[in-house]
Amino acid sequence: MEIHAPFVARKCEPGQFIIIRVDEKGERVPLTIADYDREKETVTIIYQVVGYSTELLSKKKEGDYVADFVGPLGQPSILHKRERVLGVAGGVGAAPLYPQLRKLAEMGVPVDVIIGGKSAEFVILKEKFEEFCENVFIATDDGSLGTKGFVTNVLEDQIAKGVKYDEVIAIGPLIMMKNVVKITKQHDIPTMVSLNPIMIDGTGMCGGCRVTVGGETKFACVDGPDFDGFQVDFDECMKRQTMFREEEHECKIGRGK
Amino acid sequence: MANMSPNKVAMPEQDPNVRNKNFKEVALGYTKEMAMEEATRCLNCKNKPCVNGCPVNVPIPEFIEKVAAGDFEGAYEVITSENALPAICGRVCPQENQCEGKCVRGIKGEPVGIGRMERFVADYHMANAEPAEVSIEKNGKKVAVVGCGPAGITCAGELIKKGYEVTVFEALHKPGGVLSYGIPEFRLPKDLVAKEIESVENLGVKIETNVIVGRSVTIDELMEDGYEAVFVGSGAGLPRFLNIPGENYLGVYSANEFLTRVNLMKGYEFPEYPTPVKIGKKVAVVGAGNVAMDAARTAKRLGADEVYIVYRRSEEEAPARLEELHHAKEEGIIFKFLNNPVAIKANEDGWVEKMEIVKQELGEPDASGRRSPVPIEGSNYDIDVDTVVIAIGQSPNPLIRHTTPGLDVQKWGGIIVDEETMESSKDGVYAGGDTVTGAATVILAMGAGKKAAAAIDKKLRG
Ligand SMILES: Cc1cc2nc3c(=O)[nH]c(=O)nc-3n(C[C@H](O)[C@H](O)[C@H](O)COP(=O)(O)OP(=O)(O)OC[C@H]3O[C@@H](n4cnc5c(N)ncnc54)[C@H](O)[C@@H]3O)c2cc1C
Ligand SMILES: Cc1cc2nc3c(=O)[nH]c(=O)nc-3n(C[C@H](O)[C@H](O)[C@H](O)COP(=O)(O)OP(=O)(O)OC[C@H]3O[C@@H](n4cnc5c(N)ncnc54)[C@H](O)[C@@H]3O)c2cc1C
Ligand code: SF4
Ligand code: SF4
Ligand code: FES
Ligand SMILES: [Mg+2]
């Protein structure tokens, strides 16, 4: 989805996100900036319909308005000029990964990517990554596209084959990032992850997005969302993401459609 | 002869056991008759100690005289000569430390109900007056205001009246600052806040919501865009935590998160408004300021059976307005003074289950003259809780200081300004309100906004 948002489009950088409110009663929903066009003053968001607000958003048609759109939020990613970087994406994690890898490629860094999804239809942006990645690997749970299995299986294969990566950028579900980090830690490959805790304001005001990184509390919306994967307390993040499970369910049933 | 009753005319209020289940305003406000009667308690003192107690020097006896005579619009004019948001101040000012704290009638008995009359006059005006047509001669100069809380609104309102073109940039989707996202509906109705903001917009102030200065645009860029001065009223919105074990467990909120979910996102009307707020049966709120009282009373209204205020000092040191403490007690909030939380404990799923507390006693007076609490060794005990709200204060958000070269700040993050002009170390950049003082009061923030507006005007006129 492409949105006309001059204040955001003029300044955003890879790694940053926006907050959208679909209608006047709406939740504040954070979504990563997947792409932007400074001339057209537009930004692109890519999202997965998982609950009430994303479903509401999916009903918007071309030319429609949303109530609020604010950004860019968060720190831009710090991209290093490495020898070879591997991106690992799970599901819609491919969306935030895309501008980061593209920027690295523009900086002259050779990049590979592993895209994972439940099945072929959940693998997104494959063609777009192919434009600049040297190797694009696919992994699906059911084997409907690429390797049958997890992105971590492909990662292990690559390492076993002796391919040398000096940085991994992993973006996807927390459990995927946790498992990627488990492997890269063994091989001492620096790994950046992007966290998506539950947010409200996105400006550092509420503290709801706090995460533990290197034993310290950080606010993901202002200190992140990218962090050194070796330092992140993934188990705590995973628990905190479930804080409103029951209410989210109720909301979808009660208000959906 | 003045009315020598030792007590204020009583304020009609919702019954405590009714109101602790709804979000309607607690205090219902004076009638005309009540206001006029209370007005007769004022002695019209020559030296006006009450006026010195008011941070913006509202001409108190003058407005009360008009109330006594039934000239409420006249009273409104007197108040608004110094205070642009009387409906709000009448409700939330800590009057006992300010105007009413200095009132001579307070020596024997209760002081004159200045806040209550101020509220009455403002409400009367809002209900009855036609919006006045204003024509202001423009001077062609542009000023930007960062943050739409009381400091920013006041500064913008003053400057627009002086002929400037004023744009306020607000990070959230709704203007008002703490008045919108922090202070609950039952204490400060949101349509009243909206009306006060509207009246500033009617004067021509432009409010751009969803613009985060420092991210969407920087202060330097605003100045390049032709804004000749920038006033920063970005508040103190960064929540502090206790730094005790267990603060990231499920069920632990900062007061800001909890109150934002309820007030700004209207979580109390979930699922009609889809932002959830989860509240358990036993809630502990840490702290004893206005923010803590608001959180505790909100939790009660959302259906919690038991709500505790846990505070490490004694009641005397509790920073909340007297009226809030009093209302909280009436509504059944349980106070644990001289109790300090040391850990939060969770069940297997990571949900809060208990809070470990150590009892405190008052020791020797510290540098500030307050007797400081010291833990009583071995007095630790647990209480059962399933929700914890941390309300121990806020500090300024670092976003602006990190993106504005040349802006000097205190060690704790507050912007440093010249106290007379509110100008910062950066030429043309002014600041005021909580971002300068740390978490303080609505009226002080407004006073700062006003002072800065006067200084900006003086400077830009040359
Ligand atoms: C920095 C950041 C970037 C993100 N980028 C993307 C993206 O590019 N594409 C995408 O599809 N999703 C992204 N998300 C996740 C997206 O915000 C959630 O999927 C969305 O809020 C779900 O809302 P819902 O009402 O549809 O679902 P719900 O049923 O309300 O929630 C489903 C799940 O989504 C998560 N969630 C719910 N509310 C929030 C919230 N306010 N903030 C964060 N997570 C929440 C929770 O884990 C919850 O269990 C991002 C999240 C963050 C924090
Ligand atoms: C729950 C609660 C109860 C309170 N009760 C009382 C009371 O009873 N009486 C009393 O006198 N005081 C009370 N206070 C304190 C009072 O509300 C504050 O002192 C006052 O609001 C400060 O005004 P301000 O304009 O400086 O900042 P705020 O009201 O905090 O407003 C700042 C605004 O700036 C915006 N902002 C921040 N950063 C940026 C940025 N980078 N770009 C754009 N916009 C930005 C914020 O979103 C916010 O809208 C209470 C506070 C709270 C939290
Ligand atoms: S503004 Fe506040 S302190 Fe001043 S007179 Fe009114 S209520 Fe009292
Ligand atoms: S001090 Fe009290 S009695 Fe005296 S003028 Fe002020 S309000 Fe009236
Ligand atoms: S989302 Fe509120 S502090 Fe990060
Ligand atoms: Mg939702």
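Mind checking whether some residue in region B:74-83 is outside any helix (DSSP H, G or I), open to solvent by 20 Å² or more (accessible area, probe 1.4 Å) and in contact with a helix residue (DSSP H, G or I) (Cβ under 6 Å, 6 or more places away or on another chain)?
No, region B:74-83 has no match at all.
Go through the residues of region A:59-69 one by one and say whether even a single one is of a type outside the set (Val, Ile, Thr), closer than 22 Å to A:Leu125 by Cβ and modelled with pLDDT under 90.
yes
So how many residues does region B:154-171 have that are in a loop (DSSP other than H, G, I, E, B) and touching a helix residue (DSSP H, G or I) at 6+ places or on another chain (Cβ under 7 Å)?
1
Hey, among the residues in region B:230-249 that are facing chain A (nearest Cβ under 10 Å) and outside any loop (DSSP other than H, G, I, E, B), which one's surrounded by the fewest Cβ atoms within 10 Å (Cβ to Cβ)?
B:Leu238
Name every residue in region A:183-209 that is free of Cβ contacts under 8 Å to residues at least 24 places away in the same chain and more than 16 Å from ligand 6 (Cβ to nearest atom), in order of residue number.
Across region A:183-209, the qualifying residues are A:Gln186, A:Asp188, A:Gly204, A:Met205, A:Gly207.
Hey, does region B:426-447 have a residue that's in contact with a strand residue (DSSP E or B) (Cβ under 6 Å, 6 or more places away or on another chain) and assigned to a loop (DSSP other than H, G, I, E, B)?
Within region B:426-447, one or more residues are in contact with a strand residue (DSSP E or B) (Cβ under 6 Å, 6 or more places away or on another chain) and assigned to a loop (DSSP other than H, G, I, E, B).
Might you check whether a residue that is under 14 Å from the mean Cα position of the chain (by Cα), crowded, with 20+ Cβ neighbours inside 10 Å and within 14 Å of chain B (Cβ to nearest Cβ) occurs anywhere in region A:225-232?
Yes; the residues of region A:225-232 include at least one that is under 14 Å from the mean Cα position of the chain (by Cα), crowded, with 20+ Cβ neighbours inside 10 Å and within 14 Å of chain B (Cβ to nearest Cβ).
Every residue, every condition in (1) open to solvent by less than 10 Å² (accessible area, probe 1.4 Å); (2) modelled with pLDDT of 90 or more; (3) within 17 Å of the chain's Cα centre (by Cα), yes or no:
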residue: A:Ile115; (1), (2), (3): yes, yes, yes
residue: A:Ser119; (1), (2), (3): no, no, no
residue: A:Lys126; (1), (2), (3): no, no, yes
residue: A:Asp157; (1), (2), (3): no, no, no
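Which one of these does B:Asn22 not meet: (1) open to solvent by 50 Å² or more (accessible area, probe 1.4 Å); (2) outside any helix (DSSP H, G or I)?
Evaluating B:Asn22 over (1) open to solvent by 50 Å² or more (accessible area, probe 1.4 Å); (2) outside any helix (DSSP H, G or I) leaves (1) as the failure.
Scan region A:154-181 and report the pairs whose first residue is free of Cβ contacts under 8 Å to residues at least 40 places away in the same chain and whose second residue is in a helix (DSSP H, G or I), with Cβ atoms within less than 8 Å and a gap of 6+ or a chain change.
A:Glu156/A:Ile183; A:Ile159/A:Ile183; A:Asn179/A:Thr152
Looking at region A:93-100, is at least one residue over 29 Å from A:Gly162 (Cβ atoms), within 13 Å of ligand 1 (Cβ to nearest atom) and not assigned by TED's automatic domain parsing to the domain that holds A:Val154?
No, region A:93-100 has no match at all.
Going through region B:353-371 one residue at a time, which ones are outside any strand (DSSP E or B) and either aromatic (Phe, Trp, Tyr) or touching a residue at least 24 places away in the same chain (Cβ under 8 Å) (or both)?
Scanning region B:353-371 gives a single hit, B:Arg370.
Of B:Val374, B:Val389, which residue is touching a Gly at 6+ places or on another chain (Cβ under 7 Å) and either within 16 Å of ligand 2 (Cβ to nearest atom) or assigned to a strand (DSSP E or B) (or both)?
Residue meeting the stated conditions: B:Val374.
Quick one: B:Ala346 ticks every box in (1) touching a Leu at 6+ places or on another chain (Cβ under 9 Å); (2) open to solvent by less than 60 Å² (accessible area, probe 1.4 Å); (3) farther than 23 Å from B:Pro239 by Cβ except a single one, so which number is it?
(3)
For region B:35-46, does any single residue satisfy the condition of being under 30 Å from B:Ala454 (Cα atoms), outside the structural domain of B:Ser199 (by TED's automatic domain parsing) and within 12 Å of ligand 3 (Cβ to nearest atom)?
no
Looking only at region B:186-193, decide whether some residue is β-branched (Val, Ile, Thr) and open to solvent by 10 Å² or more (accessible area, probe 1.4 Å).
No, there is no match, as no residue in region B:186-193 is β-branched (Val, Ile, Thr) and open to solvent by 10 Å² or more (accessible area, probe 1.4 Å).
Do we have any residue at all in region A:161-169 that's open to solvent by less than 20 Å² (accessible area, probe 1.4 Å), more than 9 Å from every other protein chain (Cβ to nearest Cβ), of a type in the set (D, E, K, R) and not in a helix (DSSP H, G or I)?
The answer is yes; a qualifying residue exists.
If I go through region A:1-17 residue by residue, how many of them are within 10 Å of chain B (Cβ to nearest Cβ) and farther than 22 Å from A:Phe129 by Cβ?
6
Just checking, how many residues over region B:304-330 are free of Cβ contacts under 8 Å to residues at least 60 places away in the same chain and more than 22 Å from the chain's Cα centre (by Cα)?
Total meeting the criteria: 4.
Would you be able to tell me the number of residues in region A:33-74 that are more than 10 Å from chain B (Cβ to nearest Cβ) and either within 16 Å of ligand 2 (Cβ to nearest atom) or aromatic (Phe, Trp, Tyr) (or both)?
Qualifying residue count for the region: 3.
The values are calculated or read from the model by the stated rules, or taken from the named source; none is laboratory data. What you see is a predicted model, and the numbers here were worked out from it, not measured in a lab. No Cβ is skipped: glycine too gets one built from the backbone with ideal geometry, and neighbour counts run over all protein chains shown. Note: areas computed on protein heavy atoms with side chains; ligands, DNA, RNA excluded. Shrake-Rupley method; radii C 1.70, N 1.55, O 1.52, S 1.80 Å.
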